[in-house]
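Notes follow the structure.
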Amino acid sequence: MSTFKPKPQDEIVLDQDVYVLQQHPSAPNMVFAQAGKKGRVYKVIHKGHSSAFALKVFVERYRKSTMVDLTNLLASYAQMPGMEVCSREVIHAKGFGADVLKQFPELEYAVLMPWSTGRTWFDVITSKALIAPQVGIEIARRTAEILAGLEALTSAHCDISSGNLLIDVDTLKISLIDVEDMYSPKFLEPEGVPLGTDGYNHKQAREEGQWCAEGDRFSGAVIISEMLCWHNAEVREKASEDGSYFSPKEMQDRDSKHYQLMLDTLHKLDSLPSGINTALAENFRQAWESKSLSDCPDMNSWFSLLKQAAPVPFGTRLTDSEIKWPVIGWKAIPSSKPVPQNPITGFSKITAPQSGLSRAPRLFPVNGHNGRGTFEIGWFPVAGATGYEVSYHQQPDYSDDPVIIECDQPTLSIQNLEKGDYFFRVRAIDQNANGEWSKPLKIVVWRD
Ligand SMILES: Nc1ncnc2c1ncn2[C@@H]1O[C@H](COP(=O)(O)OP(=O)(O)O)[C@@H](O)[C@H]1O
Ligand SMILES: [Mg+2]
């Protein structure tokens, strides 16, 4: 048994697939690892087909068998824009990647998910990178759209904060990460309810947690307002050193200078249709002065205001300023007492042993489809597969004749589909058998 202290170019094998640990973008001798509150996330590249993945290794106290069931529940969110990391596999002794646990037991319940390209809002804040007002509006609008989409499903991310939101610098695509504490009425309440992150949490959240359908309303209001105000040099200068604009002690204080400056900046936002700036400032005031999370404006109120702004031209970049990469050296993972399982809420069920083709592939959401019917689909490789069969239908109940394509890699390029709705499925194949079909992935081609 060894300790998981990987170096760049080290390889780990998960269900017969080899993943190569990547080097840090600003420290070539170090592995590309980003630390958070619950663990450490490594960038790995699949050796066969070069796709990038994030491997999140939890500190001991967050390694729980409940991760297996949660992963299956999260999968239904993966098709939503910005929620791609909900498409994931979890390493456990009776399933995916079981063999690696003999060598590295601390990889138990680690998750493998698509690598989201981009920089965290944390990196933008700490670099004090300049963003043009229209670009701030655009990323705020996209963030509001994702959060409003979640709230429409009675769901919430529950830890919206600068380290948990990535922005693709070239396309402005927003991705939420760190989804293990998400709320849905269908999920089990986590043992330690999320209290939010300093600089982003409501006083109710700090006391009772924010694991509820309104769990993003305050943190969402803060991060959206940060984006809307980031063009203002005074706002950038006054941001705390800890990756948020507000510091914890001034939260919801009406006399806070930071609060006054943010309200004032929102009021002065031009480049918006008339009256929207005042409405945005009023939304923020309501959230700041609210007694509870449910008193804060809902996420759709932000989105319906921001969608009235003119979108930035295609190809607009986030910033020309340098965004520094935080370098986090390896620290031994501190061991802590395992939290006893709650006999009522704790899962005892671990899914039945799975091997080879019994596991259905899981399709990744498609990134960057411009609606013209040319895109690439991909899925997690299945151990033991000699190839894959992809089929697509135009009827959601698969009653029409499918188009069937065989391929040996877990990716497939599709070109020039005609306008319409398509339902893709994939299954693994080997010499003797066909595996189970994946859940469908709907793709809409809406223009020629
Ligand atoms: N899927 C991903 N793609 C790219 N970077 C990621 C991904 N997931 C996490 N990260 C990076 O790792 C950091 C920590 O991950 P996170 O899931 O927030 O961990 P924690 O639960 O410990 O806060 C993030 O701030 C981000 O920089
Ligand atoms: Mg995090």
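The values are calculated or read from the model by the stated rules, or taken from the named source; none is laboratory data. In this text the structure is predicted, and so the values were computed from the model without any measurement. Glycine gets a Cβ as well: all are built from the backbone with ideal geometry, and neighbour counts include every protein chain shown. The accessibility values were calculated without ligands, DNA or RNA, using every heavy atom of the protein model including side chains. Shrake-Rupley method; radii C 1.70, N 1.55, O 1.52, S 1.80 Å.
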Looking at region 45-61 only, could you name the residues that are in contact (Cβ under 8 Å) with a residue 40 or more places away in the chain and within 15 Å of ligand 1 (Cβ to nearest atom)?
His46, Ser51, Ala52, Phe53, Ala54, Leu55, Lys56, Val57, Phe58, Val59, Glu60, Arg61
When the residues of region 191-206 are filtered to those that are in contact with a Leu (Cβ under 9 Å, 6 or more places away or on another chain) and open to solvent by 10 Å² or more (accessible area, probe 1.4 Å), which remaining residue is farthest from ligand 2 (Cβ to nearest atom)?
Gln204
Working carefully through the options Ala98, Ala54, find the one that is surrounded by fewer than 20 Cβ atoms within 10 Å (Cβ to Cβ) and in a loop (DSSP other than H, G, I, E, B).
Ala98
Of the residues in region 412-448, those that are open to solvent by 50 Å² or more (accessible area, probe 1.4 Å), in a loop (DSSP other than H, G, I, E, B) and either on the phi > 0 side of the Ramachandran plot or out of contact with any Gly (no Cβ under 6 Å at 6 or more places or on another chain) (or both) number 11
Quick check on region 115-142: of everything there that is open to solvent by less than 10 Å² (accessible area, probe 1.4 Å) and either within 16 Å of ligand 2 (Cβ to nearest atom) or without any contact (Cβ under 8 Å) to a residue 12 or more places away in the chain (or both), which residue is farthest from Lys268 (Cα to Cα)?
Asp123
Scan Val111, Val90, Val85 and give me the residue that is under 30 Å from Thr3 (Cα atoms), crowded, with 21+ Cβ neighbours inside 10 Å, free of Cβ contacts under 8 Å to residues at least 24 places away in the same chain and under 17 Å from the mean Cα position of the chain (by Cα).
Val90
Scanning region 176-189 for residues that are farther than 22 Å from Pro326 by Cβ and in contact (Cβ under 8 Å) with a residue 40 or more places away in the chain, which turns out farthest from ligand 1 (Cβ to nearest atom)?
Lys186
Can you give me the ranges of the helices (runs of 4 or more DSSP H) entirely in region 226-335 with at least 1 residues that are of a type in the set (Gly, Ala, Ser)?
233-238, 276-288, 299-306
Does region 402-414 include one or more residues that are within 22 Å of Ser175 (Cβ to Cβ) and of a type outside the set (Phe, Trp, Tyr)?
yes
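Okay, residues lined up against (1) touching a strand residue (DSSP E or B) at 6+ places or on another chain (Cβ under 8 Å); (2) under 29 Å from Ser438 (Cβ atoms); (3) modelled with pLDDT under 95; (4) among the aromatic types (Phe, Trp, Tyr):
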site	(1), (2), (3), (4)
Pro6	yes, no, yes, no
Gln9	yes, no, no, no
Leu14	yes, yes, no, no
Ala110	yes, yes, no, no
Odd one out for Lys43, checked against (1) assigned to a helix (DSSP H, G or I); (2) modelled with pLDDT of 95 or more; (3) of a type in the set (Lys, Arg)
(1)
Looking at region 398-443, which of its residues are touching a His at 6+ places or on another chain (Cβ under 9 Å), modelled with pLDDT under 90 and hydrophobic (A, V, I, L, M, F, W, C)?
Val403
Going through region 155-183 in order, the residues found to be in contact with a helix residue (DSSP H, G or I) (Cβ under 8 Å, 6 or more places away or on another chain) and more than 12 Å from ligand 2 (Cβ to nearest atom) are Ser155, Ala156, Ile167, Leu172, Lys173, Ile174, Ser175, Met182
Select from region 149-172 the residues that are more than 12 Å from ligand 1 (Cβ to nearest atom) and of a type outside the set (Gly, Ala, Ser) and write down the one among them that is nearest to the chain's Cα centre (by Cα).
Leu150
Could you tell me which residue of region 16-25 is farthest from Leu166 (Cα to Cα), considering only residues that are in contact with a Pro (Cβ under 9 Å, 6 or more places away or on another chain) and open to solvent by 40 Å² or more (accessible area, probe 1.4 Å)?
Gln16
Just need a number here: residues in region 144-175 that are in contact (Cβ under 8 Å) with a residue 60 or more places away in the chain, of a type in the set (Val, Ile, Thr) and surrounded by fewer than 19 Cβ atoms within 10 Å (Cβ to Cβ).
2
